[in-house]
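Trainee: First the structure, then my questions, so here it is.
We did not get these values from a lab; they are worked out from the coordinates using the rules stated. What you see is a predicted model, and the numbers here were worked out from it, not measured in a lab. Here the Cβ positions follow ideal geometry from the backbone for every residue, glycine too, while neighbour counts run over all protein chains shown.
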Amino acid sequence: MHSTAGSALHPFESLTPDLVLDALDSVGLRGDGRLTALSSYENRVYQVQLEDGAPVVAKFYRPERWSDAQIQEEHDFAAELTAAEIPVVGPLVLQGLTLHHFGGFAFSVSPRRGGRPPELDDGEVLEWIGRFLARIHAVGAKRPFVQRPALDVQTFAIEPMQWLLANHMVPLDVQTLWSERCQQAIDLIAARADMAGATGQNKSNTSGIRQLRLHGDCHPGNILWTPTDVAASAGPGPHFVDLDDARTGPAVQDLWMLLSGDRQQQTRQLGMLVDGYEQFREFDRAELALIEPLRTLRLIHYSAWLARRWSDPTFPANFPWFGSSDYWKGQIQMLEDQIEAMDQDPLIV
């Protein structure tokens, strides 16, 4: 792995426990000293026990990733969803604001919500999640994002590929083959279901696929499930967390990451999700052609995301395998698999 780190410390290295507690104190919340770092790579997230006994979750945003206006738009979207009685965990309003600043960091504070990962082999669970995704999208379709970007081929594939090559992140022994497969995949993405229009790159959207505000990163880790037999103030069922990647795109972006297994398994899972979804909102079957292209966009974007974060000590510690020739050979194989998958007929529900 070619390091992008210089001699300077990464900004997050100055985010000490004392700074976290002082930041909370600045918005009127006094921690009792108990602080636990929660799993998060993009930002820094802490569970903090308050003196009154109620824990909160403090999220410190990665500097220079989002503008204040983009973060606020995420917060406003969460507030809309909450007002519609959709179980999204959004930031608290403290001193009249949801976005705060302290010690050079932007941060927000949310209530703590417990829960376990959803059992995605359970049809009832999938149907339940589908119903709430439809309700999220019904709110998301009411107005567009103004500050937050769209999910498109340029920003999720073309630009990441160019950046990786320009910064010599791909080892020379695999660079040519990776570049060829990456370009082949990008060309195929653009050819599938008018992908450029479907993901917001083309404002005229000639594909006819509707663009709306999305959760954006709706994988199982961002859904907390409260069983019906467990008493909880937030109620049973799914609770959606982490709108950090909220952006504009097609509705299916919030469904495909919940699918796993072979084609037959994915068809069954998708059927359950759509059954629940269509109890509240029509699902456009044309979007099924976007599942494998969207999966491929995420694959290409992921490598660039890791490389761009390498100066953050959390990344070398948690992704030690990244950057080797073996890693890139694995990426080539996955790109070849995705090229083959995009050549197949879409799933049918």
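Trainee: Using modelled backbone amide H atoms (1.01 Å from N, in-plane), which distant-in-sequence or interchain residues come within less than 5 Å of residue 92's amide H?
Mentor: 109, 110
Trainee: In which sequence would 153, 174 go, from the one with the fewest C-beta neighbours within 10 Å to the one with the most?
Mentor: 174, 153
Trainee: I would also like to ask the following. Provide 348, 158 in ascending order of the number of other Cβ atoms located within 10 Å of each residue's Cβ, fewest first.
Mentor: Numbers: 348 9, 158 18.
Fewest to most other Cβ atoms nearby, the residues stand as 348, 158.
Trainee: Can I ask one more? Between residue 150 and residues 5 or more places away or on another chain, which pairs have amide H atoms under 5 Å apart, with H built 1.01 Å from N, and which residues are they?
Mentor: Amide H to amide H, under 5 Å and 5 or more residues apart or across chains, residue 150 pairs with 248.
Trainee: If neighbour count is taken as other Cβ atoms inside 10 Å, put 75, 101 in order from fewest to most.
Mentor: 101, 75
Trainee: Enumerate by residue number the chymotrypsin sites (Phe, Trp or Tyr not before Pro) in region 248-349 meeting two conditions: DSSP loop (anything except H, G, I, E, B), and at most 11 other Cβ atoms within 10 Å of the site's Cβ.
Mentor: Sparse-neighbourhood loop chymotrypsin sites (Phe, Trp or Tyr not before Pro): 321.
Trainee: Grab the other residues whose beta carbon is less than 12 angstrom from that of residue 337, score K and R as +1, D and E as -1, and report the net.
Mentor: Values: positive: 181, 295; negative: 292, 336, 340, 343.
Charge balance near residue 337 sits at -2.
Trainee: Another one. Got a sec to turn the phi values of region 243-253 into Karplus ³J(HN,Hα) couplings, 6.51 cos²θ - 1.76 cosθ + 1.60 with θ = phi - 60°, whole Hz, x for Gly and Pro?
Mentor: The phi angles translate into 8, 4, 9, 4, 7, 8, x, x, 4, 5, 4 Hz.
Trainee: Tabulate in residue order the Karplus-calculated ³J(HN,Hα) for region 43-58, using 6.51 cos²θ - 1.76 cosθ + 1.60 with θ = phi - 60°, rounded to whole Hz; enter x for Gly and Pro.
Mentor: Per residue, the Karplus-derived 3J(HN,Hα) values read 10, 10, 10, 10, 8, 10, 7, 8, 5, 7, x, 8, x, 10, 10, 9 Hz.
Trainee: List, in order, the whole-Hz ³J(HN,Hα) value for each residue of region 210-226 obtained from phi through the Karplus relation with A = 6.51, B = -1.76, C = 1.60 and θ = phi - 60°; use x for Gly and Pro.
Mentor: 6, 9, 8, 6, 10, 4, x, 9, 8, 8, x, x, 9, 10, 9, 10, 10
Trainee: Calculate the spin-label point distance for residue 52 paired with residue 22, positioning each point 7 Å from the Cα along the beta-carbon direction, and give it in nanometres.
Mentor: Going by the 7 Å Cα→Cβ label model, 2.5 nm.
Trainee: Could I ask something else about it? At 222 nm, what value in deg cm²/dmol follows for the chain if DSSP H runs of at least 4 each add -39500 (n - 2.57) and the sum is divided by all its residues, to the nearest 500?
Mentor: The helix-only estimate for the chain comes to -12000 deg cm²/dmol at 222 nm.
Trainee: Report the FRET efficiency, 1/(1 + (r/R0)^6), for residue 64 and residue 30, where r is their Cβ-Cβ distance and R0 is 41 Å, rounded to 0.05.
Mentor: In this case the efficiency is close to 0.85.
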